[in-house]
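Shown next, in structure tokens, is the structure this report addresses.
The values are calculated or read from the model by the stated rules, or taken from the named source; none is laboratory data. Computed from a predicted model, the values in this text were never measured in an experiment. Heads up, the Cβs are rebuilt from the backbone with ideal geometry, glycines too, and the neighbour counts pull from every protein chain shown. The protein model used for the area step is the full one, side chains on, heavy atoms only, and it has no ligands, DNA or RNA in it. Shrake-Rupley method; radii C 1.70, N 1.55, O 1.52, S 1.80 Å.
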Amino acid sequence: MTQHIAIGVDIGGTKIAIAAADREGYLIGETTLPTQPRDGASVTIARTADAIRMLAAKRPIAGIGIACPGPVDPAAGVAVRAVNLGWQDVPLRALLQAHLNVPVEVQNDLNAGTLGELVFGAGRGVSNFIYLAVGTGLAGGAVINGKLLNAHKGAAMEVGHISLNPAGRQCNCGTRGCVEMYLSGKGVLAGAAEYLTAHPNSSLTGVTLSTGAIIAAAKAGDPVGTRVIDDAAEALGATLAWCVTILNPPLVILGGGLWAAAGDLMLDKAKEAMRVRVLPEVYATLKIAQSQVKSSALGAAALVYQAGFFPA
Ligand SMILES: [Zn+2]
């Protein structure tokens, strides 16, 4: 008998990543295609369906998980507002099911990433944890009592837009001093640009600013690079303090591109910035782990396992 497979689809601004996994969660194939959002959602999803058929290669599909940026209505299977894609109220489940008659789950990309850690990653077997993705931006997800915390409109754990300082850096959400303006690729770039004027002797003066250049400068002890990474660590400590105080998880999972590149520079300072803000017993029992699911599409496939779509 041919074994059913799970398909995960991660829809990004420039590319769509698709993964196929077997019943045990082993990755058995991957592909990507350009998103080309200007074609419109119907065309994009039709191309996605073709790519899924190719990848599945006639193996039966138990279900498809779609991870999409921005707010999502999981019950309706609708992408509510994906700014980078120019999508508003796009019925992803219905569009995909018009091509492939299988169960489809739709989730916000960070929530899907969180489920990915629960099903395949550092959160396996853990009923309560939070996941923070420190990348170009900052966002997170939480698993509470074994279930994804969806809350109202699926926008729980949008921690990037908690304001650390209402007089701080302007964020494009309209608020000032958001965590994301310090702890993210975007925040690191903004910080370096801001601090360079006071440090003309910085090794970053005259350099095209990139997160890579800033991290390298911080590693070399440059004052601007160091200050920017220290700000990010401080913001992470404060964010963790709020999250663990409100949700009381025994585990925090940290991931994302900036964390992968500079987490070692931030970890000790972030832990200290958290320690001074939380109850001693909360700090003493908290574990911090690295994210283990590197493929966002595999994270999306976790939706299929979580929904129980595999036939008995
Ligand atoms: Zn903001």
Need one value: the accessible area of R93 in square angstrom, 1.4 angstrom probe, rounded to the nearest 10. 50 Å²
Please turn the phi angles of region 255-270 into ³J(HN,Hα) values with the Karplus equation 6.51 cos²θ - 1.76 cosθ + 1.60 (θ = phi - 60°), one per residue in order, whole Hz, x for glycine and proline. x, x, x, 5, 5, 4, 7, 9, x, 5, 6, 9, 4, 5, 5, 5
Compute the distance in nm between two label points, each set 7 Å from the Cα along the Cα-to-Cβ direction, one at T136 and one at E24. 3.6 nm
Zone of T31's modelled label, taken as backbone nitrogen in region 278-312 under 20 Å from a point 7 Å along Cα→Cβ: 295-302, 304
In region 4-70, how does Rg compare with the Kirkwood Rh, expressed as the Rg/Rh ratio over alpha carbon atoms? 0.97
Partner lysines for K186 [C-alpha distance under 28 Å; skip if fewer than 8 residues away on the same chain]: K15, K153, K219, K269, K271, K287, K294
At q = 0.09, 0.11 Å⁻¹, what log₁₀ I(q)/I(0) does region 156-312 have when each alpha carbon counts as one equal point scatterer in the Debye sum? -0.35, -0.51
What are the semi-axes of the equivalent ellipsoid for region 96-177, taken as the square roots of 5 times the Cα gyration tensor eigenvalues, largest first, in whole Å? 28, 18, 11
Distance from region 262-312 to region 100-149 (C-alpha centre basis), Å: 10 Å
Using 0.36 nm per residue, how much length does the chain from D268 to K219 gain when fully extended, once their Cα-Cα distance is taken away? 16.2 nm
Report, by chain and number, residues whose modeled amide H sits under 5 Å from the one on V134, excluding near sequence neighbours (fewer than 5 apart, same chain). G255, G256, W259
Take the Cα pairs of region 1-127, get the Kirkwood Rh, then feed it into Stokes-Einstein at 20 °C and 1.002 mPa s and tell me D in µm²/s. 146 µm²/s
Just subtract the alpha-carbon distance of K294 and R81 from 0.36 nm times their residue separation and send over the number in nm, one decimal. 74.2 nm
Measure nothing but the geometry: give the 0 to 90° angle between the long axis through the Cα atoms of 185-196 and the longest principal axis through the Cα atoms of the chain, rounded to 10°. 20 degrees
What FRET efficiency comes out for the pair N172/T2, r = Cβ-Cβ distance, R0 = 35 Å, nearest 0.05? 0.15
Non-local residues with an amide H under 5 Å from the amide H of G12, with H modelled 1.01 Å from N and Pro and chain starts lacking one, are A17
Can you list the aspartates and glutamates whose alpha carbon is less than 18 Å from that of K147, not counting same-chain residues fewer than 8 positions off? D73, E105, D109, E117, E158
Return the long-range amide H neighbours of E105 (sequence gap of 5 or more, or a different chain), with a cut-off of under 5 Å between placed amide H atoms. I64, G65, I66
Quick check of the Kirkwood formula: for the chain, what is the inverse mean of 1/r over all pairs of different Cα atoms, in Å? 20.2 Å
Using only the alpha-carbon atoms of region 113-158 as identical scatterers, what base-10 log of I(q)/I(0) does the Debye formula give at q = 0.14, 0.15, 0.27 Å⁻¹? -0.30, -0.34, -0.98
Toward the positive end of the charge dipole of the chain, about the Cα centre and with charges on Cβ (Lys, Arg +1; Asp, Glu -1), which of L236, G308, I144 goes farthest? G308
Only helices counted: for the chain, with every DSSP H run of 4 or more residues adding -39500 (n - 2.57) and the sum spread over all residues, [θ] at 222 nm is -12000 deg cm²/dmol
Calculated FRET value between A57 and T197, using beta carbons and R₀ = 41 Å, to 0.05: 0.10
So how do 182-195, 111-124, 27-40, 74-87 stack up, highest first, on mean other-Cβ count within 10 Å? 111-124, 182-195, 74-87, 27-40
